[in-house]
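A short write-up of the structure that comes next.
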Amino acid sequence: MKTSAKIKEELAQHGYIWLPTYKNILEKVWQHCETYIDEDEEVLSALWASFKRYEEDMIGIVFITTKRTFTLEISDDDSSTQIRYLPFDSYSLQKIQLQFSKNAKGLHYVSLQNDSFGNGITFGTTNRDVAQHFVDTLSGRTNGEIEILPDSDDPLLAENEKEQLIDENLEKAKKKVPHKLEKKHEEIKPMKEFEQWRKAPPEAKDKVVEIKIVPPKKEKPKKDKKRGYGVKWKSKIWLLWFLLPFLTLGTVIAIVFLL
């Protein structure tokens, strides 16, 4: 077991100097974290945030140590006192998304997605530096792609956290399908399995982590229509009007001399 003072000292050595100041995380979680951290591991970063776990509002801290990554969390309910310990494999993460808030008082989001379908969990913290430090530390302990999203005040949610209406639409579609069509689908023979389908992609243990910055959409500038005399031709043709009398006079004089 490691003391709270020692944990603060180790974090400070890695540039982490921010204690939790959000939703009683300091009192409910941080004060009890020394029970869960061993003496032989060093704490590298700590993301304190609020999030949802199985539709339940939670608060907690995601720790990164030299041995593991894990979450200490508790229900956001004031009457709750039970802390949950949930370890996870950082190398199984396929994508880490970071989105800062435009508003200084808004939440900054870190989304950890553990498969290609976008399943994962999203943490929201009020401290921009805490989110940045956590992602920077995690980048050296994962094979997943790190995606920096444009600043936004809209909540960032993993795909499985978004409301889905697909099932409801499918049920409506099934009711409209005639019984005869269902029989036809049953009579269709399954497609033969392609040989290359069985080949799994190679493991990427030595994969270089890719950091992708998603630029915000650029707004097209409105065309400023210039108005005024001579703009349309973009030239100085109007100067010929001053030269015309001299050209006419010269022509007349030349005719007189010839006569």
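Listed values, structure above:
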{"read-out": "Pair list, Cβ < 9 Å and 6+ apart or interchain, from region 58-87 residues that are over 14 Å from Ala46 (Cα atoms) and assigned to a strand (DSSP E or B) to residues that are open to solvent by 70 Å² or more (accessible area, probe 1.4 Å) and among the acidic types (Asp, Glu)", "value": "Ser75/Asp57"}
{"read-out": "Subset tally (residues that are under 17 Å from Arg68 (Cβ atoms) and not hydrophobic (A, V, I, L, M, F, W, C)) for region 83-127", "value": "8"}
{"read-out": "Subset of region 21-47 (residues that are closer than 17 Å to Arg84 by Cβ, within 29 Å of the chain's Cα centre (by Cα) and part of a loop (DSSP other than H, G, I, E, B))", "value": "Lys23, Asn24, Val29"}
{"read-out": "Conditions (1) among the hydrophobic types (A, V, I, L, M, F, W, C); (2) within 16 Å of the chain's Cα centre (by Cα); (3) surrounded by fewer than 15 Cβ atoms within 10 Å (Cβ to Cβ): number failed by Phe134", "value": "(3)"}
{"read-out": "Qualifying residue in region 2-20 (condition: touching a helix residue (DSSP H, G or I) at 6+ places or on another chain (Cβ under 6 Å), part of a helix (DSSP H, G or I), under 20 Å from Asn127 (Cβ atoms) and not β-branched (Val, Ile, Thr))", "value": "yes"}
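The values are calculated or read from the model by the stated rules, or taken from the named source; none is laboratory data. Source: prediction; values computed, not measured. Positions of Cβ are backbone-derived with ideal geometry, glycine not excepted, and every protein chain shown enters the neighbour counts. Quick note on the areas: whole protein, heavy atoms, side chains included, nothing else; ligands and nucleic acids left out. Shrake-Rupley method; radii C 1.70, N 1.55, O 1.52, S 1.80 Å.
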